[in-house]
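Working notes for the structure below.
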C-alpha cells in the first residue's frame, strides 16, 4: 500500500507543473492576432485598411493596464476589432495580454 501511495504522489508531483503553466500567450497571439497586429507594429497592408489599429509602443502600454487590454480583447473595439470572448477562454485572453507586453516597444 505504501508503494501505491508513493507512486501516486510521484505521478501527481510530476504532472502538476504542466497544469500550472496555463495558456501559451505567444502561440495564441501567433495564431489569432499577429495577422493584423504584427509584432506590435500593425501589418502595413492591414494598417492601410484599418488606420485605427494602434502601434504598441511605450506610450500605448503606459496608457493601458493589463485589465484594459484584456477588456479590449474580450469585448472588441470599434467596428473592426472583433470580440474574442466567444472564441478564446478567459485564461487564453489573459495569456495574450501578458504576452503582448513582452513584445519589443
Tally of residues being touching a helix residue (DSSP H, G or I) at 6+ places or on another chain (Cβ under 9 Å) and part of a helix (DSSP H, G or I) across region 72-94: 7
Scope region 26-39; condition under 13 Å from the mean Cα position of the chain (by Cα) and not in a helix (DSSP H, G or I); matching residues: 33, 39
Residue check for residue 23: modelled with pLDDT of 90 or more, in a loop (DSSP other than H, G, I, E, B) and on the phi < 0 side of the Ramachandran plot: yes
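One line per residue, one yes/no per condition, for (1) loosely packed, with under 12 Cβ neighbours inside 10 Å; (2) modelled with pLDDT of 95 or more; (3) part of a loop (DSSP other than H, G, I, E, B):
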site	(1), (2), (3)
41	no, no, yes
48	yes, no, no
55	no, no, yes
59	yes, no, no
70	no, yes, no
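The values are calculated or read from the model by the stated rules, or taken from the named source; none is laboratory data. Not measured: the values here are computed from a predicted model. All Cβ positions, even for glycine, are placed from backbone atoms using ideal geometry, and neighbour counts span all protein chains on display.
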